[in-house]
Structure formats: structure tokens, C-alpha cells
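Working notes, structure below.
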Amino acid sequence: MESTTVVDKPKTASWTGTLVEGRDFLEQPIVAASAIDRFVENQPGTQKLRRELIRKFDWPGNLAYLGRWGRVSLNHTALLECLAASQGSSRKRAFELGELYNDAGLAELVKSGRFANVLNVVDESVRQRVAVPNRMEPARLLNETLKDLVVSNQEVREVAVQMTAIAKKVDAELSQVRRHFAYVERIEGDEALSVVTTGDRAELRIVDTKMLRAVGIEAAKDVFILYEFQWSPGMVASVCVPAVLLRSAERQDEIKRQEAELLEYETPLPKRKRTPKIEAQKYESSAAPLRNTAKS
């Protein structure tokens, strides 16, 4: 798994503007456990490692029905990130990262039962989408389902908030892990030109479209979190996790509050005095009406 390639700084302002994680966007909490199989070379080794991680850390998933595509195992996004970390170094890095995720609150979340409830909600929602004829691939179908659920379902939203907080904590504790908010500018064949926010600046990067499509990111303006793992100099592994923009829905109450505050500070304009109406007087013409003097 190669790192993304930096192209240049965008010449225009970011399409999304300045966003705050947790208020304006969230990382999606669920992903297909097998998503990474689509863009790694050693699939059997990755599949074996996935089973070992699930067994060691007690990360049970859930099978979701996808109609003609059969079933797919759903799990939290931390599993995908652990698998990606191993690609840039060794298997032990995946287990080290898994320990950090559990210590940061993932173990408690998974055991609480709330996560299992969310997996069932996602499964049910995917079934409803599959029942309606559509041309979406499984990864895209799951991505769109979770976008809707994170915005509309309170329990899914709360788990997304918890997963985002856990990921941010791991990012802060481990210098080898970096998370960046990003979105797709355009896709050209095997390359996706994306705008990636690093700190307080944005830069253009080329991202492998296989890595994006594996998690259902297929169109311009699709947002995601870019994870980068660097355990040794010159060796960077990357993986993308879908995100959800909340700005339009989340900030309605805040906008209303701000408008109300502005109204309180407004100085009302003085009332204008009403000008009395002047009625036009009617004058009758004294001139005699003209008569047609033409001879018939």
C-alpha cells in the first residue's frame, strides 16, 4: 500500500470551508470487514490477520444481506485501520494498534451492546435499500446507507461520535498515525485528485481509486478520512474511511440562535410619519362637447 502523492496546494478555497470534526463532520463507524481485500496484494494473509484480530480483541461483527451480492461482514472502522497499519510495517503493528483502540474506549463500546444494536440497524437499512432496484455496488450502498443513518438515527449518530472520539485519541497518542479530513475533487481512471486538510492548510493529493472505491467513495465531493501510518522512514501506508458531512443539518439550531442574537442587538428604525392622503378634486369641463359636423 503506497502513500498518497502530493500534487500542489489548491488554487481556490476548499469546497467545504473550515470544518470542525464532531460538529461539522464525523467518521463513519461501520465498514465492510473485507474492504481492504480489494486493494492489497496478499489477500490470504490479510484475511488470516483479520480473523486473528477479531478473535483476540473480541470484535464480533454482523452479517448484512446485500441481495444478489450475498452477505458481507460488517465491523467497526478500527479493524480496517489495524489491517492497513500492518501493510506499512509488520503484523505486530496491527495488534499494537488494536490494543490502543481498546484502551481508548473501543472495548467498552463493543461490550456495551450499543454497537451490536447499531450493526442490526445498519443491516435492516441495507435490506430496505436492496429491496428497491438500484445499480449501486455493495460498498457504495453501505456508504450511502450510513450517511443517512448518521444524520437521521440518534443511536447510530452517538456511536459515530464515540468512534470519532476514540480515533482522535489514538491519533493524539501515537505519532505514527495521522488522520486528515479530505474530499474527492475529481476521478480520472485509477487516480482520484483529492483535497486533503493537514493542520490548517489544504493540499492536492492523488489517491488510488481502488482504495476509495473499496469503501464506497466513487464521486466528486465524497468526503473521507485519510489515515496514514508511518512506522519507518520512507514507508507510509494509507487507508480511507468514509465520513459524513453534518454541517447543513447540524448547524440549523446554531444558525437560528445566532440570528436571534443579531435581532436582539438590532436598533429598530424610527417609524415614519404617515403622510395624509390628498384627494384629487374633480373638475367638470365647461366646454361644450364636440359635435360631429360632417354631412352624412
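For the reader, a short list of remarks on this structure follows.
Here's the yes/no breakdown for (1) touching a Cys at 6+ places or on another chain (Cβ under 9 Å); (2) at pLDDT 60 or above; (3) more than 23 Å from residue 158 (Cα to Cα):
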{"residue": "182", "(1), (2), (3)": "yes, yes, no"}
{"residue": "218", "(1), (2), (3)": "no, yes, yes"}
{"residue": "239", "(1), (2), (3)": "no, yes, yes"}
{"residue": "243", "(1), (2), (3)": "no, yes, no"}
{"residue": "275", "(1), (2), (3)": "no, no, yes"}
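- Within the stretch 153-163, considering residues that are surrounded by fewer than 20 Cβ atoms within 10 Å (Cβ to Cβ) and within 14 Å of the chain's Cα centre (by Cα), the one nearest to residue 121 (Cα to Cα): 157
- Remark: residue 185 falls outside the filter, which requires a residue to be over 26 Å from residue 140 (Cβ atoms) and of a type in the set (D, E, K, R).
- Residue that is surrounded by the most Cβ atoms within 10 Å (Cβ to Cβ) [pool: residues in the stretch 36-67 that are in contact (Cβ under 8 Å) with a residue 60 or more places away in the chain and under 20 Å from residue 120 (Cβ atoms)]: 64
- Only one entry of 70, 17, 22 meets the criterion of being exposed (fewer than 13 other Cβ atoms within 10 Å of the Cβ), at pLDDT below 90 and under 22 Å from the mean Cα position of the chain (by Cα), and that entry is 17.
Listed here are the residues, each with its yes/no results for (1) in contact (Cβ under 8 Å) with a residue 40 or more places away in the chain; (2) under 18 Å from the mean Cα position of the chain (by Cα); (3) surrounded by fewer than 19 Cβ atoms within 10 Å (Cβ to Cβ).
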site: 142; (1), (2), (3): yes, yes, no
site: 165; (1), (2), (3): yes, yes, yes
site: 191; (1), (2), (3): no, no, yes
site: 196; (1), (2), (3): yes, yes, no
site: 214; (1), (2), (3): yes, yes, no
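- Number of positions in the stretch 123-138 that are crowded, with 16+ Cβ neighbours inside 10 Å and either closer than 19 Å to residue 218 by Cβ or touching a strand residue (DSSP E or B) at 6+ places or on another chain (Cβ under 8 Å) (or both): 6
- Candidate set: the stretch 73-110, residues that are closer than 21 Å to residue 28 by Cβ and free of Cβ contacts under 8 Å to residues at least 40 places away in the same chain; chosen: the one surrounded by the fewest Cβ atoms within 10 Å (Cβ to Cβ): 108
The values are calculated or read from the model by the stated rules, or taken from the named source; none is laboratory data. Please read these numbers as outputs of a predicted model, since none were measured by experiment. With ideal geometry, Cβ positions are generated from the backbone for all residues, glycine too; neighbour counts draw on all protein chains shown.
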